[in-house]
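Remarks on the structure that follows.
Throughout, read-outs are computed from the coordinates displayed, never taken from laboratory work. The structure presented is a predicted model; accordingly, all values stated were derived computationally and were not measured. Here the Cβ is made from the backbone with ideal geometry for all residues, glycine too, and neighbour counts use every protein chain on show.
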Amino acid sequence: MSFDTTAPAAKTRVQRRRHYLMCKPTHFEVVYAINPWMDPAKPVDTELAVLQWERLRELYLELGHTVDLIDPVPGLPDMVYAANGATVVDGRVLGASFRNEERRPEGPAYLEWFRANGFTESHDPEYVNEGEGDFLVTGRFVLAGYGFRSDARSHREAQSVFGRPVISLELIDPRYYHLDTALAVLDGEEIMYNPEAFSRSSLEVLRTLFPDALEVSAEDAAVFGLNAVSDGLNVVLPEAASGLAEQLRARGFHPIGMDLSELLKGGGSVKCCTLEIRH
Ligand code: ARG
């Protein structure tokens, strides 16, 4: 296989403007537990969640990105995690289908948004897939997680919808139940990940395909450092992942730390709140 193998540190980073979809956490709360981060007994400050989310949105706007909003639906507290709502590649939309009943109505709500906004190539999902929670798009591949949420059969479905090679990766640690909690795309074929989150064979696949990847410490992974959004230059990530921020700086990126403490109580952070619309 031949990709660009230029030493990552030597690269000049170039920002590309992005188009994101977000959902305000107006109705955010933790009333059920479908991942190990969620504890309905722990109080959530919804107002603070909204403030922290607003800061993230404003940051994207300051960085020059476009941010569209989908209306939050009462009774769907996890709708704030827009990344799970769909996957969009080359203007083609694959709708999400949720594993847990509590989140099931989010799939049609997001797909409806895309159809109403002119995305004529919008596909109803056949198998369970939790959108960009488990599908991450590199320059040429779709990296796809399974093990906790998305059904591995949805990987083939994604390959046929997007016409891109889909690489299946098995997640083994329940704390990192979605691929976007264990791996992030930085730029093109450059990625970062937590090696402890993957099965041995999936780790071999990652090391073969991405020999220059940034491997992230267990400490930085545990504060959700991998739940990050990169525009090719700026990498927005949880501020507690300070070691990771240093590693990113050394590679020429511009890390920007954010405090999303309230949304972490639902098991999500920066990337979970951000669905990328790729035209
Ligand atoms: N409470 C949500 C769930 O467990 C959090 C989803 C986080 N989103 C993400 N893209 N990882 O489904």
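How do LYS265, LYS271, LYS42 rank when sorted from fewest to most other Cβ atoms within 10 Å of their own Cβ?
Ranking LYS265, LYS271, LYS42 by Cβ neighbours within 10 Å, fewest first, gives LYS42, LYS265, LYS271.
Kirkwood Rh and Cα-based Rg: tell me the resulting Rg over Rh for region 111-219, rounded to two decimals.
Result for region 111-219 is an Rg/Rh of 0.99.
Taking θ as phi - 60°, what are the ³J(HN,Hα) couplings along region 115-130 by the Karplus curve (6.51, -1.76, 1.60), each to the nearest whole Hz, with x for Gly and Pro?
5, 5, 9, x, 8, 6, 9, 10, 9, 6, x, 8, 10, 4, 8, 9
How large is the direction-averaged shadow of the alpha-carbon convex hull of region 61-114, in nm²?
Result: 4.4 nm².
Rounded to whole Hz and in sequence order, give me ³J(HN,Hα) for region 196-203 from the Karplus expression 6.51 cos²θ - 1.76 cosθ + 1.60, θ = phi - 60°, writing x for Gly and Pro.
6, 7, 10, 5, 4, 6, 5, 5
Most fluctuating residue of GLU101, GLU170, GLU204 in a GNM of the chain with Cα springs under 10 Å: which is it?
Result for the chain, Cα springs under 10 Å: GLU101 fluctuates most.
Can you tell me which lysines have their Cα less than 23 Å from the Cα of LYS24? Leave out same-chain residues fewer than eight positions away.
LYS42, LYS265, LYS271
On a C-alpha basis, how far is the centre of region 201-250 from the centre of region 59-78 in Å? Whole number, if you could?
Between the Cα centres of region 201-250 and region 59-78 lies a distance of 24 Å.
Is it possible to state the helix-based mean residue ellipticity at 222 nm for the chain, with each DSSP H run of 4+ residues giving -39500 (n - 2.57), the sum divided by total residues, to the nearest 500 deg cm²/dmol? What is it?
-7000 deg cm²/dmol, from helical runs alone.
As an exercise, find the ratio Rg/Rh for region 1-127 from alpha-carbon atoms, using the Kirkwood inverse-distance average for Rh.
A ratio of 1.04.
Over all directions, average the projected area of the Cα convex hull of region 216-279 and note it in nm².
4.4 nm²
Given H placed on each backbone N at 1.01 Å, which residues far from LYS24 in sequence or on other chains put an amide H within less than 5 Å of it?
The answer is ILE70.
For region 16-69, count all C-alpha to C-alpha pairs, find those more than 18 Å apart, and express that count as a whole percent of the total.
46 percent
Which number do you get for Rg(Cα) / (2.2 N^0.38 Å) in the chain?
0.92
Over region 179-235, consider all pairs of different Cα atoms and compute the Kirkwood hydrodynamic radius from their mean reciprocal separation; express it in Å, one decimal.
Kirkwood radius, region 179-235: 11.4 Å.
For region 139-203, compute Rh as the Kirkwood radius over C-alpha pairs and then the Stokes-Einstein diffusion coefficient at 4 °C and 1.567 mPa s; write the answer in µm²/s, rounded to an integer.
107 µm²/s
Just from the alpha-carbon atoms, what are the Rg and Dmax of region 143-279 in angstroms?
14.3, 39
If you take the Cα atoms of region 61-150, find Rg, then find the Kirkwood Rh from the mean of 1/r over all pairs, what is Rg/Rh?
Reported Rg/Rh, Kirkwood definition of Rh: 0.96.
Alpha carbon centre of region 116-184 versus region 86-104: separation in Å?
Taking the Cα centre of region 86-104 as reference, the centre of region 116-184 is 9 Å away.
How high is the relative contact order of the chain? Use alpha-carbon pairs under 8 Å, at least six apart in sequence, and give a whole percent.
Computed over the chain, the figure is 23 percent.
Fewest Cβ neighbours within 10 Å first, please rank ILE191, ILE167 accordingly.
With the sparsest Cβ surroundings first, the list reads ILE167, ILE191.
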